[in-house]
Amino acid sequence: MPPVNRQWPPTLSSESGIVLLTTLILMVLLLFIGVSGLALSRTDVMIARNLLSGVQTLWVARAGAEVGRNWLEASFVPGTLPVTIGPVAFANGVYSVEVATLSNGLYRFTSTGRGPEGSRRVIEEVVQVPDFSPSGAVTSDGDGLHADFDDHGSGAGRRIPSFSIDARNHASDGSLSPDCPAVVPFAMTQTAAQADLLAALTTLKREIVTRANTFCLASGGSTADGTCTPGLSWVRGTAALPRFQTDPCTNTDPTCFVNLDLAQAALRATALPPSSYLPPAPQNRGPFTPAPTTVAPVVKLLTASEQTRLRTALDALTQRIASLPSANTLHITTSISSGTHTYGTPELPKVTIVEDGAEALEVGGGATVNGVGILLVPRVVQLRNATLNWRGLVVIVDDGDVRADHAAACGQITGAVVIRDNATLDRKFDLDLVEATGLCSPFAVNYSCEATTRALALLAQTVSWTEKFDG
């Protein structure tokens with residue numbers, strides 16, 4: 001009988017279990033690596049998004065600082081700082097900016113930007129402008145204006161000047177403004193220049209009184225040999241004896257001609273009786289306003305510290321203008337004989353330079369020149385039968401001059417005029433020939449600290465820029 005082969009159940013191999021376990025571990029590891037990769041990718045995306053939103057918000061904050069600088073140029077009103085602009089939506093965020101004044105022409109803009117993903121950025125920018133605060137509507141650094149206030153008219157004495165130097169503060173639209181105190185019509189850096197101008201004003205008063213007493217009757221009518229205007233009638237007065245007398249007289253005598261107040265609105269009366277026909281505000285002024293007092297004379301001599309501050313500001317102003325790119329300035333190169341020409345607007349003020357030249361630059365032929373910002377004048381500009389309207393700062397340097405060479409010179413400067421004299425004996429800023437023709441308002445300088453400050457803001461330079469982080 002053959003042997004029987006018996007088949008027992010196979011014995012399980014221990015190696016097959018190890019393979020299974022290894023496979024499971026490998027799958028878990030791969031799953032972990034995949035999940036980690038996804039998590040890291042998501043983290044990278046979040047980091048990138050946060051970085052992007054942070055950069056976007058930083059630029060939103062920087063835009064707020066630029067808006068603050070533009071506000072200083074176009075809308076600044078002294079006495080209102082600090083002021084907050086915003087919040088204002090911009091791009092993918094919102095900015096708000098605080099504008100504050102520091103000192104010595106320094107202004108600080110603190111801009112907060114808020115953007116996507118709750119991001120927040122704060123930057124602080126400090127800018128400096130030439131530290132010029134006018135003490136006079138017309139300020140002269142040098143040997144003076146050499147004015148004589150002679151209109152070259154015929155007959156006895158002189159007419160009441162038709163031009164005006166109004167040192168009351170005006171808003172940018174020309175209306176009177178309480179935001180800044182009044183200054184004086186003229187400010188000088190040299191005692192001799194002050195004395196020279198005061199002597200010219202004294203002569204003008206005497207000649208006006210002479211004309212009034214010669215041509216006007218107590219009734220307000222005219223003598224046979226002349227014409228009495230309502231203003232001259234007020235100077236003469238209605239009493240039997242004239243209100244004022246000429247030489248000889250002393251300052252303590254109220255009837256002495258030196259006590260004629262050249263700020264009186266009655267000098268601009270349009271009809272008789274003068275007190276009932278005064279011009280409306282802000283034209284309710286004489287040739288030189290405000291009235292002289294012991295605190296605010298017509299001509300002020302700047303103190304040593306005021307002179308230093310003025311000269312430092314003028315140095316900074318002229319150097320800054322010289323360093324501006326040509327694309328940032330406008331230029332007047334030739335005479336203007338017709339049409340309307342605009343150099344800057346209230347929304348976009350400009351630095352305008354009258355190009356230097358040997359010949360005088362004329363503005364005539366009924367032309368109109370309008371401008372906002374800074375007008376730099378290094379050569380003679382003759383204003384003839386034309387209109388000049390400038391809002392801001394007129395800076396006359398070197399051989400420059402702005403003179404009215406025609407009776408029909410019209411317009412106004414709302415801001416201030418500053419003259420850096422070149423020490424020659426020629427007259428500076430001579431408006432004597434201007435007359436009230438009825439065709440326009442005679443030329444005037446109306447002081448405005450708002451317009452002056454905004455013009456100087458065109459020369460702002462950043463002195464510090466910092467991103468601030470919360471502690």
Residues to consider are Gly366, Gly357, Gly344; find the one that is surrounded by 22 or more Cβ atoms within 10 Å (Cβ to Cβ), over 24 Å from Pro185 (Cβ atoms) and touching a residue at least 12 places away in the same chain (Cβ under 8 Å).
Gly344
Of all residues making up the range 64-110, the number that are of a type in the set (Ser, Thr, Tyr), touching a Lys or Arg at 6+ places or on another chain (Cβ under 9 Å) and either assigned by TED's automatic domain parsing to the domain that holds Gly344 or farther than 23 Å from Ser53 by Cα (or both)
3
On the basis of being under 23 Å from the mean Cα position of the chain (by Cα), surrounded by fewer than 19 Cβ atoms within 10 Å (Cβ to Cβ) and not polar (S, T, N, Q), does Pro181 make the cut?
yes
Limited to the range 339-356, what total is found for residues that are assigned to a loop (DSSP other than H, G, I, E, B) and on the phi < 0 side of the Ramachandran plot?
7
Can you confirm whether the range 412-432 contains a residue that is within 18 Å of the chain's Cα centre (by Cα), without any contact (Cβ under 8 Å) to a residue 40 or more places away in the chain and in the same structural domain as Ile374 (by TED's automatic domain parsing)?
yes
Among the residues of the range 373-396, which ones are under 25 Å from Pro134 (Cα atoms) and in contact (Cβ under 8 Å) with a residue 40 or more places away in the chain?
Gly373, Ile374, Leu376, Leu383, Thr387, Leu388, Arg391, Gly392, Leu393, Val395
Verdict on Thr203 being out of contact with any helix residue (DSSP H, G or I) (no Cβ under 9 Å at 6 or more places or on another chain), among the β-branched types (Val, Ile, Thr) and not in a strand (DSSP E or B)
yes
Residue check, Thr312 of a type in the set (Ser, Thr, Tyr) and either assigned to a helix (DSSP H, G or I) or at pLDDT below 95 (or both)
yes
Out of everything in the range 373-396 that is β-branched (Val, Ile, Thr) and touching an Asp or Glu at 6+ places or on another chain (Cβ under 9 Å), what residue ends up being surrounded by the most Cβ atoms within 10 Å (Cβ to Cβ)?
Ile396
Just wondering, is there one or more residues in the range 213-223 that are among the hydrophobic types (A, V, I, L, M, F, W, C), crowded, with 23+ Cβ neighbours inside 10 Å and assigned by TED's automatic domain parsing to the domain that holds Asp405?
yes
Restricting to the range 254-270, name every residue that is in contact with a strand residue (DSSP E or B) (Cβ under 8 Å, 6 or more places away or on another chain) and part of a loop (DSSP other than H, G, I, E, B).
Thr255, Leu262, Ala263
Give the residue that is farthest from the chain's Cα centre (by Cα), with candidates limited to residues of the range 294-324 that are within 26 Å of Asp166 (Cβ to Cβ) and free of Cβ contacts under 8 Å to residues at least 24 places away in the same chain.
Thr294
If a residue counts only when it is surrounded by fewer than 23 Cβ atoms within 10 Å (Cβ to Cβ) and in contact with a Leu (Cβ under 6 Å, 6 or more places away or on another chain), which strands (runs of 3 or more DSSP E) contained entirely in the range 398-466 have at least 1 such residues?
410-420
Could you count how many residues in the range 102-132 are out of contact with any helix residue (DSSP H, G or I) (no Cβ under 7 Å at 6 or more places or on another chain), of a type in the set (Ser, Thr, Tyr) and either surrounded by fewer than 18 Cβ atoms within 10 Å (Cβ to Cβ) or in a loop (DSSP other than H, G, I, E, B) (or both)?
1
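The values are calculated or read from the model by the stated rules, or taken from the named source; none is laboratory data. This is a predicted model, so every value here is computed, not measured. Note that each Cβ is placed from the backbone with ideal geometry, even for glycine, and that neighbours are counted across all protein chains shown.
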